[in-house]
1. Can you tell me the length gained on complete extension of the stretch D175 to K25, counting 0.36 nm per residue apart and subtracting the Cα distance?
2. May I ask you to compute the full-extension gain from R231 to A77, defined as 0.36 nm times their residue separation minus their alpha-carbon distance, rounded to one decimal in nm?
3. 7 Å from Cα along Cα→Cβ at both I145 and F220: what's the point-to-point distance in nm?
4. Residue by residue, what Karplus-based ³J(HN,Hα) values in Hz, rounded to whole numbers, does the stretch 204-210 have, using 6.51, -1.76 and 1.60 with θ = phi - 60° and x for Gly and Pro?
5. What list of ³J(HN,Hα) values in whole Hz, one per residue of the stretch 117-124 in order, does the Karplus curve 6.51 cos²θ - 1.76 cosθ + 1.60 (θ = phi - 60°) give from phi, with Gly and Pro shown as x?
6. Identify the GluC sites (Glu not before Pro) of the stretch 180-235 meeting these criteria: DSSP loop state and at most 16 other C-beta atoms within 10 Å of the C-beta.
7. Rounded if a/c is under 1.5, else prolate if a/b beats b/c, else oblate: with a ≥ b ≥ c from the C-alpha gyration tensor eigenvalues square-rooted, which is the stretch 107-229?
8. Within the stretch 135-210, report the GluC sites (Glu not before Pro) that DSSP leaves as loop and that have at most 16 other Cβ atoms within 10 Å.
Amino acid sequence: MSETSKTAKNPTDAAIAKALARDWKVVSAFLREHPGFIREDTDLLADLGLWVRADNIVEFGPAALARLSADKSREKAARRELEATARVNFAAQAQTHAAVVDILESRNHADLARRVDEIARVRFGLVAGVLAMEVPGGVPAGWRILPPGGSDTLLGPERLAHMGAPKAKEAIFGDLAEGVGSVAMVRLAIWTPARSALLIFAAADPGAFSPEMGAELVAFLARVVERTAERWPVL
């Protein structure tokens, strides 16, 4: 085969580029004269990642991207909120477990009342923690005195707990009453026959305790207080 034939069958890159440029000019001119030729080829448009834009056609691409971005933002915000809630719950449980150890180390009723108040202020950042018991009968040192039926008055008959607005603040919290915005109260039953009493935590924030909240952790502490208080008789 001659050199001329080889050159014809194996053109150089420059020759290829020149041929492509010449051919594209022809194709481009054709498409400009017949725009519907490519507009109607939906498969080709899809392969090229294009879509037809016209005044009377809604372009959904940017809107879809905007919705996707908004959905992702909401998902991230929800995830952050869940993570923050989980951290708060974990911290509360850890502090509750530490509070149980503090309560179990009480030496007498007065020390138990002191520790409950200290747990409320130091571990949970609250205004106060109070133990209160109904009369008649002796009331342990350091505990608040409730009138007969006082537990039912504060909680409601047969209710075990109250989370929300404070009641009888002055009688229970004394000089601290002005700083109390909400409370968590749980019923106690100590000794046999049972004496009615309350475990009460007070917060400055009116929204710190609300009726929508569960009282499980406070009730758990109440059961620990009951068992600890029963170690000693009322003098």
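1. Working: separation 150, 0.36 × 150 = 54.00 nm, distance 9.27 nm.
Extra length from D175 to K25 when fully extended: 44.7 nm.
2. That works out to 50.5 nm of additional length.
3. According to this spin-label approximation, the distance is 3.6 nm.
4. Residue by residue, the stretch 204-210 yields 6, 6, x, x, 5, 10, 9 Hz.
5. 3J(HN,Hα) across the stretch 117-124, in whole Hz: 5, 5, 4, 4, 7, 7, 7, 10.
6. Within the stretch 180-235, the qualifying GluC sites (Glu not before Pro) (loop, at most 16 other Cβ atoms within 10 Å) are E212, E230.
7. rounded
8. Here the sparse-neighbourhood loop sites are E158.
Values quoted throughout were computed directly from the atomic coordinates according to the rules given, and no laboratory measurement underlies them. Nothing here was measured: the structure is a model prediction, and the numbers come from that model. So basically every Cβ, Gly included, is an ideal-geometry build from the backbone, and we count neighbours across all protein chains shown.
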